[in-house]
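The values are calculated or read from the model by the stated rules, or taken from the named source; none is laboratory data. The structure presented is a predicted model; accordingly, all values stated were derived computationally and were not measured. Heads up, the Cβs are rebuilt from the backbone with ideal geometry, glycines too, and the neighbour counts pull from every protein chain shown.
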Amino acid sequence: MAERQKKLLQGNDACVEGALYAGCRFYAGYPITPSTEIAEGMSVRLPKIGGKFIQMEDEIASIAAAIGASLAGLKSLTATSGPGLSLKQECIGYACLTEVPLVIINVMRGGPSTGYPTGPSQSDLMAAKWGAHGDHPAISLVPQSVQEILTETVRAFNLAERFRTPVMVLYDEIVGHMREPIMLPLPGELEVIDRAKVTCKPEEYFPYDDRYEIAPLAPFGAGYRFHVTGLNHKQDGFPTNDSNIIRANNERIMNKIENHKDEIWLNEATDLDDAEIAVVAIGSTARSARYAVREARAAGIKAGLLRPLTMWPFPDKAVKELANRVKAIIVPELNLGQMVHEVDRCSKKALVTGIHRVDGEPITPAQILEAIKKHK
Amino acid sequence: MSGTAVVEKKEKVSVPFDYNKYLRPNKLPHIWCPGCGHGIVLKAMLRAIDKTGLSKDDICMVSGIGCSSRTPGYVDFNTMHTLHGRALSFATGVKFANPRLKVIVVTGDGDALAIGGNHFIHTCRRNIDMTIVVMTNATYGMTGGQYSPTSPLETVATTSRYGNIEPPFDACEMAKASGASFVARGTAYHTLELEKTLYDAIMHKGTSVVDVIDACPTYFGRANKFKSTTHLMEVVEKDGTVNVRQADKLPPEKLQGKFLRGILHKVDRPEYCEQYENLVMEKAKAK
């Protein structure tokens, strides 16, 4: 039997491993700190296996090319960081409305603007959901370790294909650049979802077929000649001025995610069963939080940690359930207050407070422990 | 769109061309104004495509945003109406992912040269195999007649009421300087010549750019005191251009202020997708 290979990898390298494992065969990107290693890795690996790598002239062109490649049938990836995310937003909205599967990696650095390129941050959480104009769905995953960057990148591709929508993987610079030993999964070990095959006759094919919640997407060039537009469209893909169809079009792209949140949510609970004080944290901050919770337990404080791996759709259910049985929730995050408002929205009883840091340094276990002790 | 055109000139017989073979008739009528040349360009393009013998399944037509960018909605290919300025980037992704597809980009001068200027120069530089048809009407028509990067000096538009002071781009010069291996110009007025030019462009391996002068009667024409569409076409497209083959025989003063038509630049240069396959993939696999 094949043995799993152990490797010492940087987070961004693990992202490359995850993308290739998931079947990604197209990468378009533009150099930007701290995500560039993903482009470098893909440029070496993709041509070896018949995949395509292209360095485009800017961030906008990169995501546009990835969308075009996805429509031509290849699982496609682009990666960026803060300023690049701002530039990609119009195309993210396009992929949402045209329902083109795509994975976007955003390695979060300090912002706004050029900000602090080499420092960690978690300040793009809201940009990941609300960055593109108009109402649109968002799926964002937030891994905390090198191993998890690999597995969550695979999950991102699966969700993109399953829901025909762009999926973002958000991780802070600490996780992106840290090196940890990881186990490379064997083929078949992790689930890989491929694009649903179109089986109908070309003349019966509609790219947004009303009979499906999510219609299968035919690749360009396979005999199914169809139209794609960023205008509101009918089931045949052509623009419309019919207000009923426009409403249905806008609602369906939201509902196809909203109705399946249970399939997308993933949370990790640590010491929550009898907890009185809970910490809700993601990414590298969750690692500090876990340490703090352990210290608090050692000091006799009933503390626990809820770590969402899915940031969007926000894990309302888990946070609401938690907020009904703990007296306080602490939300440490590397920004000036983003996830804390989401947690607060879900909390009727528990007191919600944030710990915020934007000096380019991580939130320490001591900071979180101090906050836990205040609620004792 | 069911008109006829003389296509088999050699045999000197008029064969009605069946445009419906390539159109999506239930998506018509089109949105273009009476007098607009975009329909003439589309018809020339369909006749040229017909001559290539390409299958409709193997053609992908991509556009950006604007009047001309509505073209893909009317034609029965794999079609994509994308974002303002970004058509070439989407098209690059399609072509590179599936080089078997013949990719044709239909764009306007604002789409290709202003908001999409960066993509235009880099697509030409890569020499990726695709045909870029720029319908140059010196106007942002969809938004009601603002001046564009090809508007001549002193053009009156809704955003240049006192006359345009920005010197215009020459799309062909820019394409050539950026590395496109086929650069040509046509007009809606010279429709049969345009058909030949488009055919040559589509058959060319590499990035081919065809700048089609196609004046806007609704905004550009009225704001700049042209009496009629035919007057506008005669001044801008007929008298404003000279075929490159005749240009040598004319004295410089006759060429003053005129655009050259026909194939202006054609070289053999390695094509991007082939380079990737032959050089990058081969080296990567050997390592």
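Against the condition over 25 Å from the mean Cα position of the chain (by Cα) and crowded, with 20+ Cβ neighbours inside 10 Å, how does A:Val293 come out, does it pass?
So A:Val293 fits the description; yes.
Taking the conditions exactly as written (among the basic types (Lys, Arg) and at pLDDT below 95), does B:Lys254 satisfy them or not?
So B:Lys254 passes the test.
Taking the stretch B:85-98, which residues are of a type outside the set (D, E, K, R) and closer than 17 Å to A:Met56 by Cβ?
B:Gly85, B:Ala87, B:Leu88, B:Ser89, B:Phe90, B:Ala91, B:Thr92, B:Gly93, B:Val94, B:Phe96, B:Ala97
Which members of the stretch B:89-113 meet the condition of being more than 20 Å from B:Leu194 (Cβ to Cβ) and either under 15 Å from the mean Cα position of the chain (by Cα) or facing another protein chain (nearest Cβ under 7 Å) (or both)?
Result: B:Ser89, B:Phe90, B:Ala91, B:Thr92, B:Gly93, B:Val94, B:Phe96, B:Ala97, B:Asn98, B:Arg100, B:Leu101, B:Gly110.
Looking only at residues that are more than 8 Å from chain A (Cβ to nearest Cβ) and surrounded by fewer than 24 Cβ atoms within 10 Å (Cβ to Cβ) in the stretch B:55-73, which one is farthest from B:Cys273 (Cα to Cα)?
The qualifying residue farthest from B:Cys273 (Cα to Cα) is B:Arg70.
Just give me the residues in the stretch A:346-375 being within 22 Å of A:Val319 (Cβ to Cβ) and assigned to a loop (DSSP other than H, G, I, E, B), in sequence order.
Within the stretch A:346-375, A:Cys346, A:Ser347, A:Lys348, A:Lys349, A:Ala350, A:Arg357, A:Ile363, A:His375 meet the criteria.
Would you be able to tell me the number of residues in the stretch B:84-122 that are under 18 Å from B:Val212 (Cα atoms), charged (D, E, K, R) and out of contact with any Pro (no Cβ under 9 Å at 6 or more places or on another chain)?
Of the residues in the stretch B:84-122, 1 are under 18 Å from B:Val212 (Cα atoms), charged (D, E, K, R) and out of contact with any Pro (no Cβ under 9 Å at 6 or more places or on another chain).
Take the residues in the stretch B:241-262 that are touching a Ser or Thr at 6+ places or on another chain (Cβ under 8 Å) and in contact (Cβ under 8 Å) with a residue 40 or more places away in the chain, then tell me which one is nearest to B:Glu195 (Cα to Cα).
Checking each candidate, the answer is B:Gly262.
Spot the failing condition for A:Thr33; the list is (1) within 14 Å of chain B (Cβ to nearest Cβ); (2) assigned to a loop (DSSP other than H, G, I, E, B); (3) of a type in the set (Val, Ile, Thr); (4) over 23 Å from A:Asn232 (Cα atoms), and only one is missed.
Every listed condition holds for A:Thr33 apart from (1).
I need the full set of residues from the stretch A:51-78 which are within 7 Å of chain B (Cβ to nearest Cβ), over 20 Å from A:Glu99 (Cα atoms) and assigned to a loop (DSSP other than H, G, I, E, B), in order please.
Hits for the stretch A:51-78 are A:Met56, A:Glu57, A:Asp58.
Restricted to the stretch B:237-279, and to residues that are among the charged types (D, E, K, R) and part of a helix (DSSP H, G or I), which residue is nearest to B:Asn127 (Cα to Cα)?
B:Glu274
For the stretch B:247-287: of the residues being of a type in the set (Lys, Arg) and within 13 Å of chain A (Cβ to nearest Cβ), which is nearest to B:Gly179 (Cα to Cα)?
Top of the filtered list is B:Lys283.
Restricting to the stretch B:114-157, give me the number of residues that are more than 18 Å from the chain's Cα centre (by Cα) and away from chain A (no Cβ under 13 Å).
Total satisfying the criteria: 11.
Pull up the stretch B:224-235, narrow it to residues that are in a helix (DSSP H, G or I) and not polar (S, T, N, Q), then point me to the one that is surrounded by the most Cβ atoms within 10 Å (Cβ to Cβ).
B:Met233
What residue, of B:Arg185, B:Arg125, is modelled with pLDDT of 95 or more, over 27 Å from B:Arg47 (Cβ atoms) and not polar (S, T, N, Q)?
B:Arg125
Based on what the data block shows, is B:Gly221 over 23 Å from B:Leu54 (Cβ atoms) and in contact (Cβ under 8 Å) with a residue 40 or more places away in the chain?
yes
Among the residues of the stretch B:50-71, count how many are touching a strand residue (DSSP E or B) at 6+ places or on another chain (Cβ under 7 Å) and over 25 Å from B:Gly85 (Cβ atoms).
Number satisfying all stated conditions: 2.
Within the stretch B:191-223, can you find the residues that are assigned to a loop (DSSP other than H, G, I, E, B) and under 14 Å from the mean Cα position of the chain (by Cα)?
B:Asp214, B:Ala215
Any idea which residue in the stretch A:81-105 is farthest from A:Asn335 (Cα to Cα), counting only those that are away from chain B (no Cβ under 12 Å), touching a strand residue (DSSP E or B) at 6+ places or on another chain (Cβ under 6 Å) and outside any helix (DSSP H, G or I)?
A:Val103
If A:Glu180 passes every condition in (1) acidic (Asp, Glu); (2) without any contact (Cβ under 8 Å) to a residue 60 or more places away in the chain; (3) over 27 Å from B:Gly93 (Cβ atoms) but one, which one does it miss?
(2)
Can you name the number of the only condition in (1) buried (at least 16 other Cβ atoms within 10 Å of the Cβ); (2) away from chain B (no Cβ under 14 Å); (3) closer than 16 Å to A:Ala22 by Cβ that A:Pro216 fails?
A:Pro216 satisfies all of (1) buried (at least 16 other Cβ atoms within 10 Å of the Cβ); (2) away from chain B (no Cβ under 14 Å); (3) closer than 16 Å to A:Ala22 by Cβ except (3).
So which pairs qualify, if the first residue must be in the stretch B:122-134 and surrounded by fewer than 24 Cβ atoms within 10 Å (Cβ to Cβ), the second must be part of a loop (DSSP other than H, G, I, E, B) and of a type in the set (A, V, I, L, M, F, W, C), the Cβ gap must be under 9 Å, and the two must be at least 6 apart or on different chains?
Sorted first by the residue in the stretch B:122-134, then by its partner, the pairs are B:His122/A:Met56; B:Arg125/B:Ala180.
All but one of (1) surrounded by fewer than 24 Cβ atoms within 10 Å (Cβ to Cβ); (2) at the interface with another protein chain (Cβ under 9 Å from one of its Cβ atoms) hold for B:Thr82; state the number of the condition that does not hold.
(1)
Would you point out the residue of the stretch A:185-213, among those that are within 25 Å of B:Pro25 (Cα to Cα) and among the aromatic types (Phe, Trp, Tyr), that is surrounded by the most Cβ atoms within 10 Å (Cβ to Cβ)?
A:Tyr208
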